[in-house]
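The block underneath contains the structure these notes are about, expressed in structure tokens.
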Amino acid sequence: MSGNLITPETFLTKKFGIDSHSMEKAMSDFLSRKIDYADLYFEYNIRESLSLEEGIVKTASKNISHGVGVRANAGDKTGYAYSEDISLDKIKLAAKTASFIATGDCKSTVVPLSNIIKPKSNLYPVETYPTDIPLEAKIRLLDKIDKIARSYDSRIKNVLSNFTSEYKIILIATSEGLVIGDVQPLCRLNITCIAEESGNRQVGSYGGGGRVEFSYFFEENRFVLYTRKAARQSITNLEAVNTPAGTMDVVLAPGWPGILLHEAIGHGLEADFNRKGTSAFTGMLDKKVASELCTVVDDGTIPQRRGSINIDDEGAETQRTVLIENGILKGYLQDRLNAKLMNMPLTGNGRRESYAHSPLPRMTNTFMLPGNTAPQDIIRSVRRGLYAVAFGGGQVDITNGKFVFSTSEAYLIEDGKVTTPVRGATLIGNGPDILKRVSMVGNDMELDAGVGTCGKDGQSVPVGVGIPTVKIDGITVGGTI
Amino acid sequence: MDISIEKAQELLEKAKKKGATEGDIIIVEGKSSSVQVRFSTIDKITDSNYKTLGLRLFFGKRSAVTSTSDLSPESLEKLIADTSSIARLTSPDDFGGLPLPQYGMKSKELDIYDEYFPQVSLEDMLSLSREAEAAAFKYDKRVTNSEGGYSNKRATRIIYANTNNSYGTYETSIFTVSVTPIATTNGCMQRDNWYSTKRRFSKLDNPVEIGEEAAKRTVRRLGAKKIHTQQAPVVFDPETASSLLGNLCMALSGYSIYKGASFLVGMLNKQISTPAVTIYDDGTMPWGIGSKPFDAEGITTRKTTVVERGILTSYLLDSYSARKLNLTTTGNASRSPGDPPVAAPTNFYLSPGNYSPSEIIKTVESGLYVTELIGFGYNPVTGDYSRGVSGVWIENGELTYPVEEITIAGNLKDMLLQIEMVGNDLDFRQKICSPTIKISRITIAGH
């Protein structure tokens, strides 16, 4: 694999034979139209995926994509065009479409493209990119996983495992003179076990990853733990009984259940919805939206995390943004356009899936800070309720605030004790209300293992979530009995 | 490189010289543009061109798939080398390989491309978006805000060639207009949406009607209440019934079946639903949104009866999953260029019944009319189903007040066996379509 031969600095000249002078000329032609701001987003991406199933490597794939996205802003209008062809002609054509929206004052600037800067810090220094690790090593890992899962319990009938790695170079040039590049590695290991016992078929899944080296999965025996968790979940679910329906107290386990914050709170605090007045959180800044036990942050600067980035996809530095402090709503997640229109500071949350998408305010790693209570005491306080350990996906209606998320591993709590596993059920609530019902916060905050992907407007970006053990008084559980 | 069938065949020849025993190439080339307005002014305009080439090579029973958007000769040369070296490391799979030549393509013309496509301008789309949004605002004064009026056009060209001398190309067009209004009452906001998607520009619904329907659906949700936990009959409108059919598709995929990852394993030729239910998958419908002359392995598409009067008569299969199950492909191979094929529906629909939607609602003394489902609470392995719902409460056969923040839950296996009535209001609005349906009893969770 040759991905590491290209860097943001050599990206344009080496790969596409475009010299910085002609690019500067194209950009200044573009800018002589009546627009306020413009940027070019170049991307080169290698993605590799290996899947093992029925004990053999079923599929192996490698995908290379590259292209350029051209954006123009005039007032609150956006023009966006992209092409997979990185040539001057195509960029000029794209610029013409993007500036269809031009109405602002006429100005002309020359953007120096030769002076590419690096992000101030590197959150993911990697010696060997996972895409450069020989396939044989990855196949050996999946083979081991298959054996570990199958030997866990004879009721496990099929094991599906997948290792995906990505190597992404971005280069951003803006009409404000910023030219910045980043190299963003990402990998993820996923294991799904299917267990069967007298016609009852159940599934268990686990996985993890981040912006890490391949060796990460061997440190602290991670791949073995992931596999055992997936296997255990499939076996546990064989015993699952029907979930009760109705309103009850729910205790969330630490880590991945932080998806609650992502759906219930996070999306509603993205600046675009609040500027347009379409979020259930519109106009609630400095108001109480949660119990005083709750402090929620979005932090794109945690080393190696799946949701972390050195710079966002508009070239802005990422940061730690306090969203809710002791129950009070403190801030929104901004991209450039919305920050400018709302006259608020940037937060480094302007993200996009690829060059084929224009940036939107998006989350990075969103989590709740730990409280003081021991997790055992929280469970002990519930007479009848649900203990939710793992979740599938979630979704929110930004405008009325209603959100759902679905359990993939959950148990009944009876008289302060975790008892029988229950079948998957959807939990439904109202964003501006749900955190007011948080009555206990554990001292055991955990971030998820690194598998989250968030969708918005048809764009997927990697994200992280986290939460300590938390008790919510009265949430509607979509059970069947 | 200019994209053509001949170039694809040349590349496959090169790969064979490097030792590949079989292979295929799929090229997806497209252009798309869209205009979004808010309060009648432009919010966002997009324009794009894209192409990707996917290469799948077999070395005996080993295989690999690669893709690239760089179609320069050097890049494609390297792609063949990469694919070969990856494939040699994978495991031999006795069921792998191209479809046998006798299943290959018979040339067939299908109406799926509108020759008028190039003439549809950004200005045309701008006025469609504006008219649709303006109609929503005009319909009801409680419509106070908007996520926008939107229109989009997209044309895609597919080229396919394999080493069994199956090859072909086709072009499709698609146009969409949609509106997402926001209505307010007593400080509470609701949003809903309506749209029209067609392969022919001239067949798009009138933008004013789209806007009015969007507004109607939005204001209908104002003042929604939560209800008590109970069991009741549930009527799904065509949009939400289509979502249930989509869930069924996942469990019908040959891949889910052979992996043991579906509640429909072993159910072929058995009763899975009521006699009111007949389901087809038809890739050959003229102007159908899921229509195509051949699938992603070059197999001519067809009309398959999937469920006949409640009996499961076919899974959705490509050649690999068919071989695994000792069956024959149904022409449902679908793939993005960089991935191996999967089995996916073409135009998948529940055949209409005899009842109008109001006749169905009239049969419900006390129950739920579902207009929106949210979340991913469906497990195709077990059929367990639990999702968030918005809708309207039915009392004595009439729609009454809106409801929200409730869930419906059950098991899809049981729900299929409880489809009591099927409406006569089938409209091919998307790939997966259903008329209104009534399920006799579902658990609703609320207070």
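What follows draws every value from the coordinates through simple rules; no lab data is involved. This is a predicted model, so every value here is computed, not measured. Cβ atoms come from the backbone with ideal geometry, glycine included; neighbour counts cover every protein chain shown.
Quick notes on this one:
- Using θ = phi - 60° and Karplus 6.51 cos²θ - 1.76 cosθ + 1.60, couplings along the range A:217-224 (whole Hz; Gly, Pro as x): 6, 9, 5, 6, 6, 4, 5, 5
- Note on B:Trp287 and A:Thr13: with the Förster distance fixed at 51 Å, the Cβ-Cβ geometry gives a FRET efficiency of about 0.60.
- Per the Debye calculation on the range A:246-478 with a single equal scatterer at every Cα and no solvent contribution, log₁₀ I(q)/I(0) for q = 0.09, 0.13, 0.17, 0.18 Å⁻¹ amounts to -0.34, -0.71, -1.19, -1.33.
- Local net charge near B:Arg441, Cβ-Cβ under 14 Å (Lys/Arg +1, Asp/Glu -1): -2
- Residues within the reach of a label modelled at B:Lys203 (point 7 angstrom out along Cα to beta-carbon, backbone nitrogen below 19 Å), restricted to the range B:244-288, are B:280-288.
- Dimensionless Rg/Rh of the protein assembly as shown - Kirkwood Rh, Rg from C-alpha atoms: 0.94
- Exercise: per-residue mean of other protein chain Cβ atoms within 10 Å, B:45-57: 6
- With neighbours defined as other Cβ atoms within 10 Å of a residue's Cβ, the residues A:Cys193, A:Cys187, B:Cys188 order from fewest to most as B:Cys188, A:Cys187, A:Cys193.
- When each of A:Lys96/B:Lys292; B:Lys51/B:Lys303; B:Lys138/B:Lys226; B:Lys292/B:Lys413; B:Lys198/B:Lys292; B:Lys61/B:Lys270 is checked by Cα-Cα distance, pairs over 24 Å: A:Lys96/B:Lys292; B:Lys51/B:Lys303; B:Lys138/B:Lys226; B:Lys292/B:Lys413; B:Lys61/B:Lys270
- Using the rule -39500 (n - 2.57) for each DSSP H run of four or more residues, divided by the residues of the protein assembly as shown, the 222 nm mean residue ellipticity is -5500 deg cm²/dmol.
- Think of the protein assembly as shown as a dipole: +1 on every Lys or Arg Cβ, -1 on every Asp or Glu Cβ, centred on the Cα centre; then among A:Asn430, B:Asn379, B:Leu55, B:Asn379 lies furthest on the positive end.
- Equivalent ellipsoid of the range A:3-238: semi-axes from √(5λ) of the C-alpha gyration tensor, largest first, are 47, 19, 14 Å.
- An ellipsoid equivalent to the range B:5-103, defined through the eigenvalues of its Cα gyration tensor, has semi-axes of 37, 15, 13 Å when rounded to whole angstrom and sorted largest first.
- Dimensions (Å) - the range A:392-481, Cα atoms, principal axes, largest first: 44, 28, 27
- Alpha carbon convex hull of the range B:339-447, volume per residue in cubic angstrom: 127
- Cα Rg over Rh - chain B, Kirkwood: 1.01
- The Cα atoms of chain A cover 71, 55, 35 Å along the three principal axes, with the biggest extent listed first.
- Gyration tensor analysis over the Cα atoms of the range B:224-447 returns equivalent ellipsoid semi-axes of 32, 18, 15 Å (largest first, whole Å).
- Residues whose amide H comes within less than 5 Å of that of B:Val306, counting only those at least five positions distant or on another chain, are B:Ile279, B:Tyr280, B:Asp281 (H built at 1.01 Å from N in the peptide plane).
- In terms of packing, defined here as the mean over residues of other Cβ atoms within 10 angstrom, the peptides A:232-243, A:215-226 line up highest first as A:232-243, A:215-226.
- Each residue, A:Lys120 and A:Asp286, gets one label point 7 Å from its Cα in the Cβ direction; the gap between the two is 2.8 nm.
- Vicinal HN-Hα couplings computed from phi for the range A:55-64 (Karplus, 6.51 cos²θ - 1.76 cosθ + 1.60; Hz; Gly/Pro x): x, 10, 6, 7, 9, 9, 9, 9, 10, 10
- Residues B:Lys51, A:Lys402, arranged from fewest to most other Cβ atoms within 10 angstrom of their Cβ, appear as B:Lys51, A:Lys402.
- Extending 7 Å from the Cα toward the beta-carbon at both A:Asn343 and A:Thr420 defines two label points whose distance is 6.0 nm.
- Between A:Ser87 and A:Ser215, the contour length at 0.36 nm per residue exceeds the Cα-Cα span by 42.3 nm.
- When the range A:3-238 is described by a simple charge dipole with +1 on each Lys and Arg Cβ and -1 on each Asp and Glu Cβ, the residue from A:Thr128, A:Tyr216, A:Ala102 located farthest towards its positive end is A:Tyr216.
- In this calculation the C-beta distance from A:Arg320 to A:Ser22 is compared with R0 = 41 Å, giving a FRET efficiency of 0.55.
- Peptides B:61-68, B:168-175 ordered by packing proxy, namely the average of other Cβ atoms within 10 Å per residue, highest first: B:61-68, B:168-175.
- Averaged over the residues of peptide A:50-56, the number of Cβ atoms from other protein chains lying within 10 Å of each residue's Cβ is 4.
- Within a straight-line Cα-Cα reach of under 15 Å, B:Lys18 can be paired with the following aspartates and glutamates, leaving aside sequence neighbours fewer than 8 residues apart in one chain: B:Glu10, B:Glu77, B:Asp82.
- Compactness of the range A:209-273 - radius of gyration and Dmax, Cα, Å: 17.4, 45
- Electrostatic tally near A:Gln459: other residues with Cβ closer than 15 Å to its Cβ, Lys and Arg +1, Asp and Glu -1, net -2.
- Signed unit charges on C-beta, dipole axis of the range A:155-202, positive-most listed residue A:Asn158, A:Asn190, A:Thr174: A:Asn158
- Rounded to the nearest 20 debye, the dipole magnitude of chain A is 400 debye, with +1 charges on Lys and Arg beta carbons, -1 on Asp and Glu beta carbons, and the Cα centre as origin.
- Of all DSSP beta bridges in the protein assembly as shown, antiparallel share, percent nearest 5: 90
- Within-12-Å neighbourhood charge of B:Tyr385 [Cβ basis; K, R +1; D, E -1]: +1
- FRET efficiency for the B:Lys14 to B:Thr328 pair, using the beta carbon distance and R₀ = 25 Å, is estimated at 0.20.
- Size-normalised alpha-carbon gyration radius of the range A:305-393, reference 2.2 N^0.38 Å: 1.46
- Degrees between helix A:88-98 axis and first principal axis of chain A (Cα, 0 to 90, nearest 10): 70
- Among A:Trp256, B:Trp194, B:Trp287, B:Trp393, sorting on how many other beta-carbon atoms sit within 10 Å of each Cβ, with the fewest leading, yields B:Trp287, B:Trp393, B:Trp194, A:Trp256.
- According to the Cα-based calculation, Rg over Rh for the range B:128-251 is 1.14, with Rh computed by the Kirkwood formula.
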